[in-house]
Structure formats: structure tokens, C-alpha cells
Amino acid sequence: MLFSNIGIIDENFEYQAGKHVGVQGDRITYVGDAAPENPQDFGRRYDGTNRLLMPALYNAHAHAPMTLLRGFAENLPLSRWLNEKCWPFEAKITPEDIYWSTLLACAEMARYGVVGFTDMYYGTEERIAAANKLNMKANLCEGLLALEPKPYSDYPVCAKNEELVAKYHGSSDGRIKVDYNIHAEYTSTPEVCREIAAIAKEKGLRIHLHLSETQNEVAECKERHDGMTPPAYFESIGVLDVPVTAAHCVWMEEGDLDILQRHGVFVANCPVSNMKLGSGFAPIPAMLERGMNVCVGSDGMASNNNHNLFSDLYVMGLVYKGSTLDPAVVDPAQILRAATRTGALSQGREDCGLVKEGFKADLCVLDTAGPQWAPLTAPLYNVVFAGEGSDVVLTMSDGAVAYEQGEWPGLDLEEVKREVAARTKRIIESL
């Protein structure tokens, strides 16, 4: 595809008008002010009039199958939300349920410009099949709750992870990656955490976990572990010695940011979910000021309700201005970088997340013809504060179209919606 005369957000997160961007195979092979010498080599020509091309988004923390629970667990704090609603519901979910619900999540994410997601759940084979249906990138970990005093090898998920890594890590031309999982400090033992960290380090794999999401979580961790906060605890047992994506990081105490920065932890900020569950706000301005790795996640659909990551960007752009009384504390370039380039790096994808020659063609196109886009005085501010996810008209992953103008190639969305609705109804009626 050759995008012609189109505005872009370039590799420096600056707006450039009237550019030409060529895609061949799964790569961006041309970015220039004029059309390439042989435009016919790029196949389809895409008219960029009233369009903006930017890096596609990466959802750094999701629970994709929880589309099944959308609207089911509402108006509860995290502990009651988990114990009274989510876990009883999830005990009824079948592998086939996971496939259909993940397929719905992938369609929804692609609709809103997302091409990659870091997902914590179970039923990994089914989630892989769903991601592959839309050519999406996914870092997937098999969920583990490990509260019994026994070694990790005694948990069935240990052998399962060995199988998943051997069979799927790096599959689908590298789009599928297998991570290791520690759900959280409060749902795992130190013994299991140490063993998982050692295995991940030996295999050169990443870990995905929840960290300091609520005030109670931090207080209880300190009671259990001689006054250590969750970051200090995980550092003490070697978990942070491998690449880690830590979701939430809301309740940070003195020294916690030093720990996360020292280990290069990727902080998956989930502003909408954290607000909806009444958990609080991660100290993102302080993290950005330090140059820490901040990315953006939706969390699951029982605590966010949609995979429209542009909504999270809007909230992220506002909440810190209001809470710090500083209108300049976070700017759109930082927010967009977090949702694109840093999100890609959190998945270990060095050649993704920028509109740049040689990079993977992970792109989304926004329709800027609507009234909310005029005038285009400050385009990055328009993207974050005026534009909407519904302005996405094309999403491309590895050079293949995952969504365009109300269509998902190879996917019957109405069938997917019917399947998920019926499966949710079955589970609720059985509770």
C-alpha cells in the first residue's frame, strides 16, 4: 500500500503534512515528501486527503476474554469485584468461550487502532487462535494463582508453560510471544515467584504482573513481608531481574520509583480502570520526569467496559493536569509515545511503534474531516483531546489490514457478537 499526500505523526512524534508512506510486505519501506520513483511497486494507493497516519496502538495490559463480563461486575471495589463477581464467573468459562470472547476483544481493539496487546488470562491456545484470525500481535501469559505451599513444578501450569513456550513463542512470524505470569504478590507465594523468575531469566522471557494496584494491597504486603512494598518485595526475590510489565503501579511509596526505574520496569498505566474501581491514580508525571518506561493498558472489560484506547489517552491527558493543578504536566507527545513506541518495547518489539523506514507496518489512519478536527492548529492535541477512537478508519498490523471502514477482513462480527452474548447468558444463568 502507498499512502499518498497524508499527514503523519513521524518518528519524533511531530506532525508532518503531505507525506508519502509506502508499505511492502510487513515493513514500512518508504517515507518521503514526494511519491517514490516507482509507485506501482507498492500496489494499492491510499488517498490521504483529510487523513492522519500514525503508529498503531499497543494495549500493554489486558484480559481479553473478559469481554464476557462486560457490564456484569459493577460498582464494587477491587477485592469484592474479584471475589464476589469475577472469580465465580470465570470458574464457569470454557476454552471455547475464551476463543470467541478474545475474538470479540481483538475485533474491538482493531476497530480502535490497536494492533498488539499484552494479555493475562488462561486458555492461551484459544487466545492465540483468536489473535491470529486478525493478524494481531499478542504477548500472552497463562494465568496463575499460587497460594498453596508447594513448588511451582507441582502446579499444572508449570508444564503447560513449557509446552506453550516451545510451541508458540515467536510463532506467526514473531507476532505471538509467550510471557510468564505472576498474578500479584497477594495471590502467589515467594517460593513460586522465585522459581518463575529463575525460569524466565534462563529462557530470556518476560514477566507480566499486577503491582500496587490498591492501598490495601500495599498495606497487606508490608505486613506479610517485613515492611516491604510490592516493588521492594519483588526486587528482593529476583522477579525484577528480567523484563517486567507491571500493571497499575498506583500506590507508590518512597523508594518504589527508584526500584522500578533501576530495573527498567514497564509501567502499564490503566487510568480508566483505576478510576472506575476507585483505586486511584498512578504517579505518571513523576515517572515520565524520570524517563521511566510508561505505557498504556485498558485492563479487562469488567473494569473498563471498552477497548477504545483513545478513551484512556484522553483520561490520561486530563487527570494529571487536574490532580496536580499543572496544565503542562503531561503533553500529547508523551501520551502518544506511551501508547505506541513504549507499548511496543514493553512487548520486546524493537522494530515496532514508529512511522519509520524499516519498521513493521503497524499503522492506523484517522479521518480528520469531522468538525472536531478543525482547525488543525495543533494536530497532536487534536488526536488526544478532540479526536475519538471512532475516527479510526484503517488499522494495519504487519502490513495486513485488520480493520477498514466498518469491515474486518475474514471476520463475521455479527456471528462473534452472537456467540459471546449467548455464552455470557449461559454462565450468568448457571451462577
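Quick one: would you say A302 is crowded, with 20+ Cβ neighbours inside 10 Å, touching a Phe, Trp or Tyr at 6+ places or on another chain (Cβ under 9 Å), in contact (Cβ under 8 Å) with a residue 60 or more places away in the chain and not in a helix (DSSP H, G or I)? Here the answer is yes, as A302 does meet what is asked.
Only residues in the range 156-178 that are more than 18 Å from L145 (Cα to Cα) and assigned to a helix (DSSP H, G or I) count as the first member; pair them with residues that are open to solvent by 70 Å² or more (accessible area, probe 1.4 Å) and modelled with pLDDT of 95 or more, Cβ under 7 angstrom, at least 6 apart or cross-chain, and list the lot. Within 7 Å, the pairs are V165/K203.
Restricting the range 31-86 to residues that are surrounded by fewer than 24 Cβ atoms within 10 Å (Cβ to Cβ) and among the polar types (S, T, N, Q), the residue that is farthest from L140 (Cα to Cα) is N38. Take the conditions (1) touching a helix residue (DSSP H, G or I) at 6+ places or on another chain (Cβ under 7 Å); (2) surrounded by 22 or more Cβ atoms within 10 Å (Cβ to Cβ); (3) assigned to a loop (DSSP other than H, G, I, E, B); A138 misses just one of them, which is (3).
Can you tell me which residue is nearest to T245 (Cα to Cα) among those in the range 108-118 that are crowded, with 24+ Cβ neighbours inside 10 Å and of a type outside the set (F, W, Y)? Ranking the qualifying residues of the range 108-118, first place goes to T118. Please go through the range 381-390 and give me each residue that is crowded, with 18+ Cβ neighbours inside 10 Å, touching a residue at least 40 places away in the same chain (Cβ under 8 Å) and in a helix (DSSP H, G or I), ordered by number. Of everything in the range 381-390, those that are crowded, with 18+ Cβ neighbours inside 10 Å, touching a residue at least 40 places away in the same chain (Cβ under 8 Å) and in a helix (DSSP H, G or I) turn out to be V383, V384, G389. Checking each residue in the range 307-366 for being assigned to a loop (DSSP other than H, G, I, E, B), touching a Pro at 6+ places or on another chain (Cβ under 8 Å), in contact (Cβ under 8 Å) with a residue 60 or more places away in the chain and open to solvent by 10 Å² or more (accessible area, probe 1.4 Å) picks out G348, L354. Residues that are open to solvent by 10 Å² or more (accessible area, probe 1.4 Å) and of a type in the set (A, V, I, L, M, F, W, C): does the range 208-226 have at least one? The answer is yes, given that some residue of the range 208-226 is open to solvent by 10 Å² or more (accessible area, probe 1.4 Å) and of a type in the set (A, V, I, L, M, F, W, C). Whether any residue in the range 416-428 is within 23 Å of F310 (Cα to Cα), of a type in the set (S, T, Y) and within 25 Å of the chain's Cα centre (by Cα) is what I want to check. No, every residue in the range 416-428 fails to be within 23 Å of F310 (Cα to Cα), of a type in the set (S, T, Y) and within 25 Å of the chain's Cα centre (by Cα). Restricting attention to the range 3-27, the residues that are within 18 Å of S397 (Cβ to Cβ) and surrounded by fewer than 22 Cβ atoms within 10 Å (Cβ to Cβ) add up to 4.
Looking across the range 367-380, the residues that are aliphatic (A, V, I, L, M) and part of a loop (DSSP other than H, G, I, E, B) come down to A369, A374, L376, A378. Look through the range 49-84, keep the residues that are of a type in the set (D, E, K, R) and part of a loop (DSSP other than H, G, I, E, B), and return whichever of them is nearest to the chain's Cα centre (by Cα). Selected residue: R70.
The values are calculated or read from the model by the stated rules, or taken from the named source; none is laboratory data. In this text the structure is predicted, and so the values were computed from the model without any measurement. Ideal geometry is used to build each Cβ from the backbone, glycine not excepted, and the neighbour counts take in all protein chains shown. Heads up: the accessible areas ignore ligands, DNA and RNA and are worked out on the full protein's heavy atoms, side chains in. Shrake-Rupley method; radii C 1.70, N 1.55, O 1.52, S 1.80 Å.
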